[in-house]
1. Across 5 Å bins from 0, what is the distribution of all Cα-Cα pair distances for segment 243-373, in whole percents?
2. Quick one: angle between helix 194-206 and the longest Cα principal axis of the chain, in degrees between 0 and 90, rounded to 10, please.
3. Enter the angle in degrees (range 0 to 90, nearest 10) between the Cα long axis of helix 372-394 and the first principal axis of the Cα atoms of the chain, meaning the one along which they spread out most.
4. Return one whole number: the accessible area per residue of segment 283-395 in Å², for a 1.4 Å probe.
5. Pairing the Cα long axis of helix 332-345 with the longest principal axis of the chain, what angle in degrees results, from 0 to 90 and rounded to the nearest 10?
6. Ignoring ligands, DNA and RNA, please state the percent of accessible area on segment 161-276 from carbon and sulfur, probe 1.4 Å.
7. At 0.36 nm per residue, and after removing the present C-alpha to C-alpha distance, how many nm does the segment from K377 to S228 gain when stretched out fully?
8. In nm, to one decimal, how far is the R311 label point from the A349 one, both placed 7 Å along Cα→Cβ?
Amino acid sequence: MKENKKKVYLKYWGCQMNVRDSEVICGLLKKEGYGLVNEPDKADIILLNTCSVREHAEDKVWSEIGRIGKLSPLDFVQKTHKIKTGETPRPTNKIVGLVGCMAQAYKQKVFDRAPNVNFVVGPSDIDKIPGIINRLSTTKIRETEGTIRPEDIYHTGFYEKRNNTYVVVSEGCSNYCSYCVVPYVRGDLKNRNHKDIIREVEEAVGKGITKITLLGQNVNAYLSKVISSQPSVNFIELLKLVNQIEGIEEFSFITSHPKDTSVELFRVMASLGKLKKSLHLPIQSGSDRILAMMNRGYTKKFYLELVTNYRKIVKDSVLSTDIIVGYPQETDKDFQETFDLVKDIEFDAAYIFKYSARPNTKAAELADDLPRAVKEKRHKIILDLQKGISKKKRC
Ligand code: 5AD
Ligand code: SF4
C-alpha cells in the first residue's frame, strides 16, 4: 500500500453494476493509498459514478454537480457563483471526476455544461482513474476510449460489505433493445474468462464473504472469453462451477433476458443447492406489438411459457420483473395487455419505469408522443396493481 494523504468521496447512482464498479474504483484508489470519506466537504477528490439508463437518473447527477460546484476551486465557477448569489464560495481545492455511463454518453459536452468537472471517464476505463488523478493539475482530461477492462481491477481485495458481494461475469450488452442506452455507454457484451471469475469468487471467500451475486446485463448470454486452448464455458456450466466452491453458502444472478432463458437453466436452478431460487426476468411490456418495436426478441406467449416452466420446475421460487410504460405509440390497448399480464403472472416484485428517450437509441428516433400525464397515470395504475399483488403474497 502506498502513502497518500488525499481523501476521496465517491457517490454512485443506478444499477448493481454501478455498485460493484464503485467498489472496484475504491479498491484501486485504496491500493494507491487514498483514504475514503463519506462527505464531499472532507474530500480532496469527488467522484460521481453515474447512470444514464433513464433521464431522471441523469437529472439527479446534474443537480449534484451543481451542488459540488459551490465547493469547486475553479475561478470560473467562483465568479459565476458570486454573480449569481452575491456570496463568495469557500475556497477549496477539489478534483471532480464524472465517471460511468453519463461520462461515456456526453464525453466533452460534460465540460460545457459543468465547468467544475475536471475529468470524464467512461465505464470501460475505470482502471485509469488513479493515473488520471495523479496527473491532474488544471487540465481537463477526457479518457473515454472504450477499451477493455484489465482483469486485475477485480482483484484489489477491497469489499465494502463483509458478507456478500457482486462478481461481474460480463460487461456491456449486444442486444440493442430499442430504448436502451447500455450498448452505447458500456459497449458490446464482453465476457470474462470463467477461471478469472472463479478466482475472484475464491478470493472473496478468503475474505470471509459467503454470499455472491453474479452480475451482467444479460447473464444468460455468458460464454467465457477463451484464453489459449481452454474449452469455453457457458452460463449454466459457470453456475455449476460456482456451486462447487467451498465456503460459498448462497449465490444468485442478475439480470436474465427472456430470449436467452431456457428450461435447462430452470433444471439447473432446481438442482444446485447453493443457488437462490430467484429470477429477475424483465418483460418490459405485455403487448407483442410493443415488444417487437422494442426489439426484445420474444412474444408474450413465449414469456408466459417460461414463467409456467420456471414455477413448475423451481419450487418455492421468486420471480421479479421490469416494465416500461409510455413507450412511443403505446395505445390504451397495449397498456391494457401489460396490465392483464401483470395481473395474471403475479410477480413477487415489479419495477415500473416511465419511458424516457435516451441518446443514440433507436427509440429516440421516434416521437416521445405520450403526454407526461398519461405516462404518470399508467405508471401509477401498474404500481398500485403490483402493490396489491405483493401485499397479498406477503400474507
Ligand atoms: N426509459 C425507461 N426505462 C428504461 N429502462 C431502460 N431504458 C429505459 C428507458 N429509456 C428500464 C428497463 C430496464 C431497467 C433497468 O430500466 O425496464 O430493464
Ligand atoms: Fe439494455 Fe436490452 Fe441489453 Fe438489457 S438486454 S441492457 S435492456 S439492451
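1. Going from the shortest bin to the longest, the percentages are 2, 9, 19, 21, 17, 12, 9, 6, 4, 1, 0.
2. On a 0 to 90 degree scale, this one is about 70.
3. Tilt of helix 372-394: around 60 degrees.
4. With the other protein chains kept in place, segment 283-395 gives 52 Å² per residue.
5. Helix 332-345 and the main axis of the chain meet at about 70 degrees.
6. Taking all protein chains in place, segment 161-276 shows 49 percent carbon and sulfur surface.
7. 48.2 nm
8. 1.9 nm
The values are calculated or read from the model by the stated rules, or taken from the named source; none is laboratory data. Because the structure is predicted, anything quoted here is derived from the model rather than measured. For neighbour counting, all protein chains shown are included, and Cβ atoms are generated from backbone atoms with ideal geometry for every residue, glycine included. We work out accessible area using only protein heavy atoms, side chains counted, and drop any ligands, DNA or RNA first. Shrake-Rupley method; radii C 1.70, N 1.55, O 1.52, S 1.80 Å.
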